[in-house]
1. Every residue in the stretch 138-156 that is within 24 Å of Lys415 (Cα to Cα) and without any contact (Cβ under 8 Å) to a residue 40 or more places away in the chain, please.
2. Would you call Asp186 at pLDDT 90 or above, in contact with a helix residue (DSSP H, G or I) (Cβ under 9 Å, 6 or more places away or on another chain), part of a helix (DSSP H, G or I) and charged (D, E, K, R)?
3. Just name the residue that is surrounded by the fewest Cβ atoms within 10 Å (Cβ to Cβ) out of those in the stretch 69-104 that are modelled with pLDDT under 85 and under 17 Å from Ala434 (Cα atoms).
4. So for the stretch 434-441 (the condition being in contact (Cβ under 8 Å) with a residue 40 or more places away in the chain, of a type in the set (D, E, K, R) and within 30 Å of Pro302 (Cβ to Cβ)), does at least one residue qualify?
5. Hey, can you tell me all the residues within the stretch 454-476 that are crowded, with 19+ Cβ neighbours inside 10 Å, farther than 16 Å from Leu47 by Cα and at pLDDT below 80?
6. If you check Thr338, Thr318, which single one turns out to be surrounded by fewer than 20 Cβ atoms within 10 Å (Cβ to Cβ), over 24 Å from Lys268 (Cα atoms) and of a type in the set (Val, Ile, Thr)?
7. Considering the stretch 8-57 alone, what residues qualify as being crowded, with 24+ Cβ neighbours inside 10 Å, at pLDDT below 75 and not in a helix (DSSP H, G or I)?
8. Any idea which residue in the stretch 415-471 is farthest from Asp15 (Cα to Cα), counting only those that are hydroxyl-bearing (Ser, Thr, Tyr) and within 15 Å of the chain's Cα centre (by Cα)?
Amino acid sequence: MTLLIVIIALALIFDYINGFHDAANSIATVVSTKVLTPFQAVLWAALFNTVAFWIFKDHAVANSISKTVYKEFITLPVIFSGILAAIFWNLLTWWYGIPSSSSHTLIGGFAGAAIAHALSIKGIHFSWAKIVDADTIIKTILFIFLAPLIGIVTSMFITVVTIMRNIWFRIGIIVVTTLLTAFLFDYFENSKMNENAEKFYGIDKYKKEVAALKSELTNLNGYGETDTILSKKLQLTQEKLTKATASFNSVHPFIENFDNTSANYIAKVAKDSGWLDQIAISKLKDAARNANDFLVLEAKAPENDSAKKEYDIAKVITEEYKAPVKLFLAGNISVDSTVILLNQIYPLQPKNIDKVKAKLANFNIEKAFADEIDKADNTMIVNGIFGTALIFILIYLYVEKIKTPTALTVGNMFKKLQLFSSAAFSIGHGGNDAQKVMGIIGAALIASGTIQDFASLPGWVPVACYLAIGLGTMSGGWKIVKTMGSKITKVTPLEGVAAETAGAFTLFFTGQMGIPVSTTHTITGSIIGVGATKRLSAVRWGVTTNLLWAWVLTIPVSAILAAITYFIVKFFLG
């Protein structure tokens with residue numbers, strides 16, 4: 001428990017450091033264009049970093065981070081080592097004014113410590129694919145290059161549209177682009193709702209289990225052997241997958257029609273139609289056994305032989321909890337009777353009986369399913385896109401049609417618009433980067449046995465993470481501001497608007513996809529884009545090349561630092 005508290009404290013310290021390390025990303029252009037003073041800018045950025053808490057509900061990025069390393073290789077020393085290495089690299093790059101990625105530092109540190117842990121386990125057959133989630137790592141590496149490219153293209157497009165002389169043509173392009181963006185985010189919403197529903201039914205878990213069991217059986221058959229127990233387990237898992245898929249397929253059409261209904265309506269239909277019956281039994285069974293310290297036992301199992309033996313027994317026997325749980329959900333027995341039956345199957349610790357009763361009494365499968373669907377609702381983001389476009393259009397009309405346009409009025413217009421664009425980018429920064437630390441804390445809570453999965457993340461975690469990054473941003477990061485705001489290219493208010501809007505779009509876009517990208521890479525690409533729009537020579541490519549090297553090296557260097565840290569921590573902890 002002590003190590004868990006230390007990890008949570010270090011994670012929030014990292015989030016704070018991330019705030020002042022990446023504060024430059026949010027405020028570099030708005031400071032360099034003198035729209036706000038440095039002090040005003042950090043307050044502005046900190047405010048909107050924290051506002052992100054009420055906008056990003058799904059926490060898809062945090063979920064991705066928590067799954068960078070597979071569960072069996074996540075231990076508290078692994079997380080502790082990864083965070084220490086990430087803090088060291090972040091402070092080092094901040095000291096030298098290098099805008100490296102806090103996100104990639106964290107991912108590299110987490111993965112490096114896990115690989116070191118795997119190498120230290122005797123008798124294990126080492127395989128990268130079994131330690132880290134290849135999809136998350138590959139996506140992260142790809143977006144080292146794709147995020148700045150998206151920023152470059154988007155900022156160039158915005159700049160070109162903004163300098164068009166024909167205001168009506170300009171407004172027409174804004175309207176069309178806004179509608180296309182809204183449709184894109186609606187697609188993301190729909191895809192995420194279906195993905196959340198599939199996970200709720202356990203379809204992804206069953207598919208992985210089926211694939212793993214088939215692989216084991218294929219290997220055995222290759223040696224001319226068979227395994228009746230494995231075959232039976234495969235058959236049972238396939239049956240579970242078939243039932244779960246059938247239930248999801250039934251509710252799928254209602255999810256597709258979400259815009260005309262609501263999450264509560266879909267959940268009610270699913271409950272009344274019996275499409276949640278099977279999963280309700282499974283989830284309440286999990287809730288009951290987890291309240292009896294099953295997760296604590298699971299967390300101890302990898303490094304404790306006696307705990308592993310007990311865990312293997314408990315994992316099999318507690319599956320029988322489904323029988324009394326089914327009777328309870330049908331209303332045939334009371335909470336007390338259910339607890340008695342559960343105790344007869346696998347003993348409940350006296351200190352956990354009240355917790356088990358509370359789980360039974362408060363269980364509501366309809367609300368749980370509604371919450372899972374509602375997480376993907378991005379209506380607030382889409383409304384924000386429409387609102388931002390409307391503000392831009394109205395200001396353009398006022399300055400260029402109602403008032404006589406002059407260099408002064410146009411310049412002032414872009415200074416005002418830059419307040420909106422920097423706020424949007426700060427929201428994207430807060431929503432993207434605070435979630436990464438949420439993922440690490442979530443992984444620590446899972447490893448310690450405190451929670452079962454990321455869906456059970458306590459409410460204080462996101463609040464603490466958003467506050468930490470907001471406070472960190474208020475501390476500023478002036479060395480990096482200089483690099484971002486002037487060394488890459490000189491930025492005018494018009495270009496600042498284009499760069500920040502492009503950066504905000506990229507962060508919201510990748511956030512909806514659950515891809516952990518670097519805000520540093522994103523805004524750097526956007527600034528390069530506005531510079532290149534003037535002329536390619538306006539960009540100081542020597543500075544840009546040095547930044548690129550820092551980006552490429554961050555993940556491997558962080559991984560090596562974390563691996564070394566892990567072996568040192570392991571030596572002292574034993």
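The values are calculated or read from the model by the stated rules, or taken from the named source; none is laboratory data. Keep in mind that what you see is a predicted model, and the values were worked out from it rather than measured. Backbone-built Cβ (ideal geometry, glycine too); neighbour counts: all protein chains shown.
1. none
2. So Asp186 passes the test.
3. In this case the residue turns out to be Asn90.
4. Yes, the conditions are met somewhere in the stretch 434-441.
5. Listed by number, the list holds a single entry, Phe454.
6. Thr318
7. The one that is crowded, with 24+ Cβ neighbours inside 10 Å, at pLDDT below 75 and not in a helix (DSSP H, G or I): Asp22.
8. We begin by selecting, within the stretch 415-471, every residue hydroxyl-bearing (Ser, Thr, Tyr); these are 421-422, 426, 448, 450, 456, 466.
Cutting the leftovers down to within 15 Å of the chain's Cα centre (by Cα) gives us 456, 466.
On the way: Ser456: 21, Tyr466: 8 Å.
Across the stretch 415-471, the extreme among qualifying residues is Ser456.
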